[in-house]
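The values are calculated or read from the model by the stated rules, or taken from the named source; none is laboratory data. Only a predicted model underlies this, so the values are computations on that prediction, with no experimental measurement involved. These accessible areas exclude ligands, DNA and RNA; they are computed on the full protein's heavy atoms, side chains included. Shrake-Rupley method; radii C 1.70, N 1.55, O 1.52, S 1.80 Å.
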Amino acid sequence: MNSEQKAGDSRQQSRTRDQGNTVHPHGKKPNKSKPKPLYFWDCADVNKWMKKWCGALHEKYGELFLQQEVTGRTLIRMNEIKLEKIGIVNPDHRRELMQQIIRQRLKHEMTDLKNMDQEGTGFAQSRYQSIKEKDKDKHVENNHS
């Protein structure tokens with residue numbers, strides 16, 4: 001067996017192992033990152049969600065959501081009155097959008113509940129870290145005074 005055949009056999013073995021999810025061809029495991037939490041969504045993320053889950057309503061109101069700069073934080077707090085205020089006058093459309101928004105809100109809440117036994121959600125950790133850093137900065141300032 002020459003060196004080219006050995007290299008070919010080695011590549012074939014790597015692919016076979018990769019199919020079993022044990023080894024990636026570049027020595028890295030596949031990235032199974034968690035989805036971005038809803039409260040970190042920007043306008044583009046909301047638009048992507050609308051396109052996937054709201055169908056024809058995305059075609060009708062996607063641009064409106066972009067113009068109104070609806071982010072994930074905004075989406076979480078959305079209700080039928082706010083939808084009407086931003087320009088969705090058809091009550092059936094508001095109801096249908098609210099149904100999808102509530103589904104996404106519930107999905108978000110379920111994820112938070114599952115993560116409660118871990119160290120904390122991304123939002124909680126970032127809030128805690130920023131508060132901790134501010135306290136540390138105040139402590140350093142007080143010691144230098």
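Hey, if we sort Thr71, Thr111 by accessible area with the 1.4 Å probe, largest down, what's the order?
The ranking, largest first, comes out as Thr111, Thr71.
Once phi is turned into ³J(HN,Hα) by the Karplus curve 6.51 cos²θ - 1.76 cosθ + 1.60 with θ = phi - 60°, what whole-Hz value does each residue of the stretch 76-82 show in order, with x for glycine and proline?
Using θ = phi - 60°, the values come out as 4, 8, 5, 9, 4, 5, 5 Hz.
If you count only protein heavy atoms and use a 1.4 Å probe, how large is the accessible surface of Ile86, to the nearest 10 Å²?
Number for this one is 30 Å².
Exceeding 20 Å between C-alpha atoms, which entries from my cross-link table qualify? They are Lys34/Lys82; Lys60/Lys82; Lys60/Lys85; Lys36/Lys60; Lys82/Lys114; Lys34/Lys107.
Correct reply: Lys34/Lys82; Lys36/Lys60; Lys82/Lys114.
With no solvent and one point per C-alpha, what does the Debye sum give as log10 I(q)/I(0) for the stretch 30-122 at q = 0.10, 0.12, 0.17, 0.23 Å⁻¹?
Here log10 of I(q) over I(0) equals -0.28, -0.39, -0.73, -1.20.
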